[in-house]
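Inspection log for the structure reproduced underneath, given as structure tokens.
The values are calculated or read from the model by the stated rules, or taken from the named source; none is laboratory data. Worth saying up front: this structure is predicted, and the values here are computed from it rather than measured. Counting neighbours? That spans all protein chains shown, and the Cβs are built from the backbone with ideal geometry, glycine included. The area values use the complete protein model at the heavy-atom level, side chains included, leaving out ligands, DNA and RNA. Shrake-Rupley method; radii C 1.70, N 1.55, O 1.52, S 1.80 Å.
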Amino acid sequence: MLLVRGEAGGTTLTGTLYERGERSPTFKGAPDEDAPYVWVCDEFYQVESGGTSQMVSGKEVHVAFETPMPRGFDTRDQALDAAEEHIRTQFARIGVDENEVEFSMEKGELQ
């Protein structure tokens, strides 16, 4: 598995890309288990009050989380492109310029 990390505004979002031959999590809404690559990452949006308080670009932002929406892909390149787009979108939803997001990847350990 690959951990895809986006950093911007003093905060980080990390999602998991399960690769061909690895067993991705099974839960309601999970993609067809035959998908060779599966991306799973939190989804969230900014709210006026409630939610979880997070410091972003030096100001307090209230964030509400949605159920992660796993997505299946046929190729690794498709999955990585979608992972980066997903992370950029999440940052934009809380007021961070998506062009400020810096990405890194690391090999994760299956447990």
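Observations
- If the condition is being closer than 12 Å to F44 by Cβ and touching a helix residue (DSSP H, G or I) at 6+ places or on another chain (Cβ under 8 Å), then region 65-85 contributes no residue at all.
- Residue check: R88 meets all listed conditions (1) of a type in the set (D, E, K, R); (2) out of contact with any helix residue (DSSP H, G or I) (no Cβ under 8 Å at 6 or more places or on another chain); (3) within 26 Å of E22 (Cβ to Cβ) but one, namely (2).
- Pairing each residue of region 1-28 that is farther than 15 Å from L80 by Cα and open to solvent by less than 30 Å² (accessible area, probe 1.4 Å) with any residue that is at pLDDT 95 or above and assigned to a strand (DSSP E or B), provided the two are 6+ apart or on different chains, yields no C-beta distance under 6 Å.
- Extreme residue, surrounded by the fewest Cβ atoms within 10 Å (Cβ to Cβ), among residues of region 92-111 that are part of a helix (DSSP H, G or I) and of a type in the set (D, E): E100
So that you can scan it fast, the table gives a plain yes or no per residue for (1) open to solvent by 60 Å² or more (accessible area, probe 1.4 Å); (2) part of a loop (DSSP other than H, G, I, E, B); (3) of a type in the set (F, W, Y):
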| site | (1), (2), (3) |
| --- | --- |
| F44 | no, no, yes |
| G50 | no, yes, no |
| M55 | yes, no, no |
| V63 | no, no, no |
| M69 | yes, yes, no |
| G72 | no, no, no |
| L80 | no, no, no |
| I87 | no, no, no |
| Q90 | no, no, no |
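- Of all residues in region 1-35, those satisfying the criterion of being part of a loop (DSSP other than H, G, I, E, B) and modelled with pLDDT of 90 or more are M1, G9, G10, E19.
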